[in-house]
Amino acid sequence: MIVVLKDNPDQKQLENLVAWLKSMGLGIHMSEGQSSTIMGLIGDTSSVDMDLINALDIVETVKRVQEPYKNVNRKFHPEDTVVEIVPGVSIGGGNFQVIAGPCSVESEEQVCEVAEEVKKAGAGLYRGGAFKPRTSPYAFQGMRDEGIKLLLEAKEHSGLPIVTEVMDISHLPLFENVDVIQVGARNMQNFELLKELGHIDKPILLKRGLSSTLQELLMSAEYIMAGGNERIILCERGIRTFETATRNTLDLAAVPLLKTMTHLPIVVDPSHATGIAHLVKPMAIAATAAGADGLMIEVHNNPAAALCDGAQSLTPTAFADVMKCVDAVRPVAYKG
Ligand code: PEP
Ligand code: MN
C-alpha cells in the first residue's frame, strides 16, 4: 500500500500516522520526491483501513500495491535511484557508466594492463572475476583471494573503482576494499547470500538468473533492500531460450520494462548475453538506445589466450570503438 501525502503535511499528524502504522507491525519506506512525499507500507496491509487513512487531512491518496516487490517498486519511489559508487562515480538517474575488464583475473600484468586500457577508452569502473562460477569443476576456478589482491592493485594504479563477484558468504571479509559486489546469475536466488548483502554498506550488482523472470529478479533485489541496503544495480545478461546460436538470448525489452517496474538502475551485459565478440558492439549500442543506465563488457589484452570467456572478450582496441559508438547513441537514447 502507498500513501501519498499532501504538500507540507502537519508534522504532528504525520508522526501520529507513522506511529499508528508501526503499531500494526508495518514497515514504512518514506520517499520524498520533488512533487510529493510517498509513504510505502511494507508487511501485511490486509487489515489496514484505507478509507480511514484517506480521510486524514495530511493524505492526498491511498493505493494498494499488488506487486509482491515493495521497496524496489517504482510506485514506492517514483524517481530514479542514483547509486553512488564512490564520490564522483554514480549510476542511474541520467548517470551512465561502463564497467569493463576481463572475465577473470589471470595475472598482475594482465589485470593492470587491461585496467589502463579500459580507463583510457572511458570506462568508469573496472571488473574482473576472482571467484569464478564455472559449469565444469575442471575449468579454471579463478585466482580467488590472490585475484582480489591483484584487482586492488589495479584499482590503485588506475584509480578505477572495482566490481567483482562473491560466491559465498564466508568470502565476504575479502571484499572489504571492493567497491561493488557482484551477485552472478547463478546466485541470483541464493537467498541467504542476498540477506547478508542487505546488511552491507556497498553497492550490489545483481545479475538476472539464467531462467529468471523480471519479477523474480526484482524479488531478489527486494531481499537485499529489505535488509537496509538500497544501493542495488540490476543487470540484464541474457536468458536461456531454445536458441543456441548465441550463448544466451539478450532480453532488451527488459530494460524499458524494468524502468516502469522499479526505480533501480539497470545495466546490460552484452558479453554474456551473446557469447560472441562481434555481437557485443551492436548489442551495446542497442542496449544504450533502449535506455540502459550502463553496460558491462568483457575486455582482454589477448582474448585468444584468455582462461575464461575469450570468445566473447573484446580487445582494448575493439572496446575503444564500442565506447565511441555508445557515446554517439547516448543523446538519442530512450528515456521513457
Ligand atoms: C560474470 O560476469 O563474470 C559472470 C560469471 O556472469 P553471469 O553471472 O552473468 O554468468
Ligand atoms: Mn565471463
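Residues of region 188-218 being open to solvent by 60 Å² or more (accessible area, probe 1.4 Å), touching a residue at least 24 places away in the same chain (Cβ under 8 Å) and not polar (S, T, N, Q), which ones?
F191, K195, E196, H199, D201, E216, listed by residue number.
Can you spot a residue in region 175-183 that is open to solvent by 30 Å² or more (accessible area, probe 1.4 Å), more than 16 Å from ligand 1 (Cβ to nearest atom) and under 30 Å from R74 (Cβ atoms)?
Scanning region 175-183 turns up no residue that is open to solvent by 30 Å² or more (accessible area, probe 1.4 Å), more than 16 Å from ligand 1 (Cβ to nearest atom) and under 30 Å from R74 (Cβ atoms).
Please return the ranges of helices (runs of 4 or more DSSP H) entirely within region 258-333 where 3 or more residues are more than 16 Å from ligand 2 (Cβ to nearest atom), open to solvent by less than 20 Å² (accessible area, probe 1.4 Å) and touching a residue at least 24 places away in the same chain (Cβ under 8 Å).
Counting at least 3 such residues, we get 316-329.
Looking at (1) open to solvent by 20 Å² or more (accessible area, probe 1.4 Å); (2) of a type outside the set (K, R); (3) away from ligand 1 (no atom under 16 Å from the Cβ); (4) under 23 Å from the mean Cα position of the chain (by Cα), which is the only condition Q97 fails?
(3)
From I58, I38, I42, I28, grab the single residue that is of a type outside the set (G, A, S), more than 24 Å from the chain's Cα centre (by Cα) and open to solvent by less than 70 Å² (accessible area, probe 1.4 Å).
I58
So is L252 open to solvent by 10 Å² or more (accessible area, probe 1.4 Å) and part of a loop (DSSP other than H, G, I, E, B) or not?
Spelling it out, L252 is indeed open to solvent by 10 Å² or more (accessible area, probe 1.4 Å) and part of a loop (DSSP other than H, G, I, E, B).
The values are calculated or read from the model by the stated rules, or taken from the named source; none is laboratory data. Predicted model, so just to flag it, every value in this text is computed and none were measured. Quick reminder, even Gly has a Cβ in these numbers, built from the backbone with ideal geometry, and neighbours come from all protein chains shown. SASA here: full protein model, heavy atoms, side chains in, ligands and nucleic acids out. Shrake-Rupley method; radii C 1.70, N 1.55, O 1.52, S 1.80 Å.
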